[in-house]
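Heads up, the thing below is written out as structure tokens.
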Amino acid sequence: MKNTWTALILMGCIGICFFLLGRGTTLSSEEGPGEGLIEEVIIEEEDIEITRQPDAVQTGNEESVERAIFISIPDAFEDLDRAPVKFYHDKHALALEKEGCEKCHSRDEENKFLFTFPKERDESSRDALMNSYHDGCIGCHQEMTDGGEKTGPLTCGECHVIEESYHKKEYLPIMPEYYEVLRDTYHKDCLACHQDPAKAAEDAGGLDWKSFYVKEQPLLEETWPEVLFDYYIHDKHDKTLEEKCELCHYISPKREKELADEGKEPTCKDWLREIDEEQSLTERETAHPRCINCHLERKDANEEKTGPIYCKDCHTGIERTLEEMADVPRPECEQEEKILIQIEEDARAKGVAFNHKAHQEKTRSCQECHHETLRSCKECHTLTGSDEGDGITLAEAYHEVSSPWSCIGCHETEKQKENCAGCHHLMESGLVESACDTCHTGSLDSLDVAKKLPQPEELFPEDLKDELEINMLENEYKPSPVLHKQIVKKLTDISNENTLASYFHVEETTICAGCHHLGPIEKNQTIAQCSTCHTTRKEPERETPTLLGAYHQQCLGCHKHMGGTEEEMPQDCAGCHKEKDLNQTEAEKQ
Amino acid sequence: MHVKRRTFLKQATGLSSLALFGKDGTTEASRLQVSSDQSGVLVDTTLCVGCRSCEKACNEINEDLPRKPAGSFKDESVFENRRRMDYGAYTVVNRYKNDNDLQKPVYAKFQCMHCLYPACVSACIVGAFSREANGAVIYDPWKCIGCRYCMAACPFQVPAYEFSNVLTPQVRKCTFCFDTRLTKGKVPACVQSCPMEVMTFGKRTDLIKQAQAKIKTFPDRYVPHIYGEKEVGGTAWLYLSGIPFTALDFPHLGYHPAPGYTEPIQHAIFKWFLPPLGVYAALGGIMWYLKNKKAQE
């Protein structure tokens, strides 16, 4: 009987559900306001679209460039009761230009600004901190309102603007670094890999599996981009400050003593990015007082050249390209131009000849290779790995394919850029055994042998095909032309102009292998036909694409990756396949 | 042997409750045999260029579908809207924004995923849907009564209904070219027609290996996930993508077969027809009671 009751209850539940569902739909269809609401929302959205457009055009306008600083301080406030305040610093700074920074920021013993807010900051408790912000902001606004001046808001909702997206919180598991690649949409959940996460965490050392989930910050858009202190900005400082490195950089007392003993001047290698033992210039708390105070002092002293004070002038988000920085001198660092990287005399592989100067020219700042310090790789990345080098061994630091810091990793990234990716996107990335010798030459002379590939007509004076046609889809389209000679010539030029390519494209016929991928072809060899391997019928057990697939993947894949113009490298069907005039062909047949 | 009334009742209750919810939690659909030989298709969305050849080939081979002129498949304006499969198309190609590179949009083709444990087969009360040994989930219009339970059950919202046809409407969904090509030893029309060879037809187990190898060889190109390998217990069509699958409108489904949730309830309600009998008995009892009461008065 129990079963019947269970089933009865189930049926009852389902019945109620249907009833409620049915009622819900009839309600909404009967009552006018429900539908009206939806319409209103749609109209509003359209309005926003229209009003936003002129805004986007006025990018030169100072106010539209201004980005918000979000006052949320997650460590202290954790869960916010209200949306974080979108604070526009430059708007305040410009309005209070006469009063100066003193209006909001206090000074330290040396009469330098501490760029903290508010002046009477009380961090003793959550409420105390909140109140000090409220006193700081609203106090000033109130004062100015009383004085009859134009000022900011006084009520809660005017500063804490309700925007839903700020309350969105994401929960992501903290995973070991090597699992980080798995963090795509489907791996946010422990259950994706672990059938029983609780047990897995327990096995990992008696952990609570829920502790693996951390609270991510609310999604705050629009904040200022990081300052990229590239060679250009460094050079500007260098010239204005007459190479007084100590104004920004710090030298460790130990090293200073050593240098004094030896009677030497400090070099680039000795200057650190820290300003003292603990604080680094890369942190906002350190960089702001250091930079802005200096800029302010120079401004007060009426110096000819002074630095920016407002947010938008440093945090420009501009990433200068290498071409733009071609004429910018790189810092002189007393580093030899060419060095042979050889850690041990009897190492299994020969030493690597390395041109430091050439690499300086291909980077935007020293940090692209040297991380936060300017020390050499082997000081932190030891042969067996040390804590200072995050346990990454020297061999890994040079060879790790997935890291943007390593030699190979950086070269891999270069290969996936326009001009290179056309051929390289189809090739397996990473270390190729046969390529070890290209770097490990054991002699500095190898740096001088950068080769220019011969022009195709020199290489194949007789049998280089000028132009050919592919007429696989001849029933539907006219034959597709392949400008063979032109393609080879263009690729040869690209390779010759690229320094990296001129070292690594060793064989004279390297370019040919981009399409004729069975390996570099030899001069008097007959080239294998595509259709020898790429058959017209797909063999289920073979992964080789059919002829149709191979042509399209090769041609269209290259066109898509090379970043050329549509005319030069068509990407739509009609670019290669001209429609056949069917009437005409029928007439021909007759 | 003497059995006490009490013991008998206990045993009976226990046994029938077991029968109600299935002895070991297995369901009809999950008991379907999934052989390792089963076919599948691997779709590498990073290769697709949005030429719509597959849509054209699909329309040509499936004569049930409304005819469309060949030229209409060259129209790229359709990409402005997100399309779904409907009664006129078993497959559609959509265009998506590529957050990694805004210049290069991503195209993806959709059709029935041909689940290993299909919810439509489980939900269909007349058995119009069936899953063939080679993996194709097919539909028999002669059995269909037009209840459209399949449309509600499908986790991918694939089956479409021919609302425009008043007298003989059909449910429409991709057939995996079962009658037209698969049984003749040919690959599905869309797979055959694709110029970029986005799709690979083969044994499902081989395709998974192939997909894993692709992810391993080109880790920068793919998100490390094969959609359909485990989703809703596995699907015959498998997808690779360069951008997160949610950006391609793929639903985030669990790894348990969809029928596993619906069948225990659906079947319990009609199990051995006991619950309905119970309802009728209760109603009859009430009627009898009321009648008696009236008679006494």
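Listing for the model above:
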read-out	value
Extreme residue, farthest from the other protein chains (Cβ to nearest Cβ), among residues of segment B:49-67 that are open to solvent by 20 Å² or more (accessible area, probe 1.4 Å) and in contact (Cβ under 8 Å) with a residue 60 or more places away in the chain	B:Asp64
Selected residue [within 27 Å of B:Gly71 (Cβ to Cβ) and not in a loop (DSSP other than H, G, I, E, B)] from A:Ala550, A:Ala574	A:Ala574
Where A:Ala260 falls short, out of the listed (1) open to solvent by less than 70 Å² (accessible area, probe 1.4 Å); (2) among the small types (Gly, Ala, Ser); (3) without any contact (Cβ under 8 Å) to a residue 40 or more places away in the chain	(1)
Residue match in segment A:386-393 (condition: open to solvent by 40 Å² or more (accessible area, probe 1.4 Å), within 25 Å of the chain's Cα centre (by Cα), aliphatic (A, V, I, L, M) and modelled with pLDDT of 85 or more)	yes
Residue that is farthest from the other protein chains (Cβ to nearest Cβ), among those in segment B:157-195 that are polar (S, T, N, Q) and part of a loop (DSSP other than H, G, I, E, B)	B:Thr168
Given (1) within 14 Å of chain A (Cβ to nearest Cβ); (2) touching a Cys at 6+ places or on another chain (Cβ under 6 Å), number of the condition B:Ala152 does not satisfy	(2)
Residue count, segment B:201-211 (criterion: open to solvent by 20 Å² or more (accessible area, probe 1.4 Å), farther than 27 Å from B:Ala153 by Cβ and not in a helix (DSSP H, G or I))	1
A:Pro540 being at the interface with chain B (Cβ under 9 Å from one of its Cβ atoms), touching a Ser or Thr at 6+ places or on another chain (Cβ under 9 Å) and modelled with pLDDT under 85	yes
First in segment A:335-350 and closer than 13 Å to A:Thr441 by Cα, second anywhere and of a type outside the set (A, V, I, L, M, F, W, C) and not in a loop (DSSP other than H, G, I, E, B), Cβ under 7 Å, 6 or more apart	A:Ile339/A:His356
Exclusive hit being more than 31 Å from the chain's Cα centre (by Cα) and hydrophobic (A, V, I, L, M, F, W, C), set A:Ala326, A:Ala287, A:Ala347	A:Ala347
Total residues in segment A:554-569, condition within 10 Å of chain B (Cβ to nearest Cβ) and not in a helix (DSSP H, G or I)	1
Odd one out for A:Lys578 among (1) more than 7 Å from chain B (Cβ to nearest Cβ); (2) closer than 13 Å to A:Ser480 by Cα; (3) surrounded by 14 or more Cβ atoms within 10 Å (Cβ to Cβ)	(3)
Checklist (1) more than 25 Å from A:Leu426 (Cβ to Cβ); (2) not in a loop (DSSP other than H, G, I, E, B) applied to B:Pro257, failing item	(2)
Qualifying positions in segment A:89-107 - within 37 Å of the chain's Cα centre (by Cα), assigned to a loop (DSSP other than H, G, I, E, B) and more than 14 Å from A:Gly152 (Cα to Cα)	A:Glu97, A:Gly100, A:Cys104, A:His105
When residues of segment B:196-211 are limited to those that are of a type in the set (Val, Ile, Thr) and facing another protein chain (nearest Cβ under 10 Å), the one farthest from B:Lys109 (Cα to Cα)	B:Thr200
Sole residue being within 14 Å of another protein chain (Cβ to nearest Cβ) and either more than 15 Å from A:Gln342 (Cα to Cα) or over 18 Å from the mean Cα position of the chain (by Cα) (or both), chosen from A:Leu444, A:Leu431	A:Leu431
Only listed residue being in contact with a helix residue (DSSP H, G or I) (Cβ under 6 Å, 6 or more places away or on another chain) and open to solvent by less than 70 Å² (accessible area, probe 1.4 Å), chosen from A:Leu473, A:Leu459, A:Leu453	A:Leu453
Some residue of segment B:237-248 being open to solvent by 40 Å² or more (accessible area, probe 1.4 Å), in a helix (DSSP H, G or I) and within 30 Å of A:Ile9 (Cβ to Cβ)	no
Subset tally (residues that are within 12 Å of chain A (Cβ to nearest Cβ) and surrounded by fewer than 21 Cβ atoms within 10 Å (Cβ to Cβ)) for segment B:212-236	12
Candidate set from segment A:125-145 (those that are open to solvent by 60 Å² or more (accessible area, probe 1.4 Å) and among the aliphatic types (A, V, I, L, M)); member that is farthest from A:Gly157 (Cα to Cα)	A:Met130
Residue within segment A:432-447 that is closer than 30 Å to B:Lys104 by Cα, assigned to a helix (DSSP H, G or I) and touching a Cys at 6+ places or on another chain (Cβ under 8 Å) present	no
Segment B:250-297, residues that are away from chain A (no Cβ under 12 Å) and at pLDDT 90 or above	B:Gly284, B:Gly285, B:Ile286, B:Met287, B:Trp288, B:Tyr289, B:Leu290, B:Lys291, B:Asn292, B:Lys293
Within segment A:394-427, considering residues that are within 14 Å of chain B (Cβ to nearest Cβ) and among the hydroxyl-bearing types (Ser, Thr, Tyr), the one least open to solvent (accessible area, probe 1.4 Å)	A:Ser403
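The values are calculated or read from the model by the stated rules, or taken from the named source; none is laboratory data. All values reported here derive from a predicted model rather than from experimental measurement. Glycine also receives a Cβ, built like all others from the backbone with ideal geometry; neighbour counts cover every protein chain displayed. The accessibility values were calculated without ligands, DNA or RNA, using every heavy atom of the protein model including side chains. Shrake-Rupley method; radii C 1.70, N 1.55, O 1.52, S 1.80 Å.
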